[in-house]
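**Student:** The structure follows.
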Ligand code: S3P
């Protein structure tokens, strides 16, 4: 089984993925980290040097290689991965893969992303709390249809990381 976590930037995919993998005794991978290893540079440099279209093509390639060559793992996607290259179709067409959407409100995401904005090229131009709320609100509206394709949906706003992991484990059973 491969458990694949999807959700917007700041939804906790990496943290929850690591905790979930520990609990289930699976290995953990982060797609952004795999892309950085493949390209031997940080995500922000890939966007700057090669642009988003190149990044999306690389993301789709690294994802396909990963699912073909791994099992018994938890994988955290990037926030945009479900929205490109028929990636959700690919993941949902495998009976060995379960996609899990970590759902958080615009307010929760915007507050978190104000603190982590520098790591994310798509947020480089968003400088105030008001602009962040507006950006995340619109962007999430565009992306929600893709996230909603995930097999499991977990609301995270009022839960601790441990409670989120427990909820996922119960839903997997
Ligand atoms: C992106 C999210 C990032 C990373 C890239 C693009 C997006 O991953 O893949 O900056 O399009 O939402 P995180 O969701 O881990 O921040």
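**Student:** Is it possible to state the helix-based mean residue ellipticity at 222 nm for the chain, with each DSSP H run of 4+ residues giving -39500 (n - 2.57), the sum divided by total residues, to the nearest 500 deg cm²/dmol? What is it?
**Tutor:** -17000 deg cm²/dmol
**Student:** A follow-up question, please. At 0.36 nm per residue, and after removing the present C-alpha to C-alpha distance, how many nm does the segment from residue 40 to residue 149 gain when stretched out fully?
**Tutor:** Extra length available between residue 40 and residue 149 comes to 36.1 nm.
**Student:** What percent does the relative contact order of segment 77-173 come to when contacts are Cα pairs within less than 8 Å and at least six residues apart?
**Tutor:** This gives 39 percent for segment 77-173.
**Student:** Could you work out which residue, out of 69, 96, 87, moves most in a Gaussian network model of the chain, that is, has the largest mean-square fluctuation with Cα springs under 10 Å?
**Tutor:** 69
**Student:** Shifting gears a bit: Which one, 75, 31, 15, has the greatest fluctuation when you compute a Gaussian network model over the chain with C-alpha springs under 10 angstrom?
**Tutor:** 15
**Student:** Follow-up question, since we're still on this one. How high is the relative contact order of the chain, given as a whole-number percent (alpha carbon pairs under 8 Å, six or more residues apart)?
**Tutor:** 33
**Student:** Further question: Give me 33, 73, 128 ranked fewest to most by other Cβ atoms within 10 Å of their Cβ, as a rough exposure proxy.
**Tutor:** In increasing order of surrounding Cβ atoms, one gets 128, 33, 73.
**Student:** Follow-up question, since we're still on this one. Pick from 137, 78, 51 the residue whose mean-square fluctuation is largest in a GNM of the chain, springs joining Cα atoms under 10 Å.
**Tutor:** Comparing 137, 78, 51 in a Gaussian network model of the chain, the most mobile one is 51.
**Student:** Rounded if a/c is under 1.5, else prolate if a/b is larger than b/c, else oblate: which is segment 107-173, with a ≥ b ≥ c the root eigenvalues of its Cα gyration tensor?
**Tutor:** Cα axes put segment 107-173 in the prolate bin.
**Student:** Can you sort 157, 45, 32 so the residue with the fewest Cβ neighbours within 10 Å comes first?
**Tutor:** Arranged by neighbour count, lowest to highest, 157, 45, 32 become 157, 45, 32.
**Student:** If I take R0 = 30 Å and measure r between the Cβ atoms of residue 53 and residue 23 in this structure, what FRET efficiency does the formula 1/(1 + (r/R0)^6) give, to the nearest 0.05?
**Tutor:** 0.20
**Student:** Counting pairs of Cα atoms in the chain, how many percent are more than 25 Å apart?
**Tutor:** 29
**Student:** Shifting gears a bit: Once you place label points 7 Å from the Cα toward the Cβ at residue 167 and residue 138, how far apart are they in nm?
**Tutor:** Once both label points are built, they end up 2.9 nm from each other.
**Student:** Estimate the FRET efficiency between residue 129 and residue 72 by the formula 1/(1 + (r/R0)^6), using the beta-carbon distance for r and 45 Å for R0, to the nearest 0.05.
**Tutor:** It comes to 0.65.
**Student:** Just rank 65, 58, 158, fewest to most, by other beta-carbon atoms within 10 angstrom.
**Tutor:** 158, 65, 58
Read-outs throughout are calculated quantities, based only on the coordinates presented, and are distinct from any laboratory measurement. Keep in mind that this is a model prediction, so the values were computed, not measured. Backbone-built Cβ (ideal geometry, glycine too); neighbour counts: all protein chains shown.
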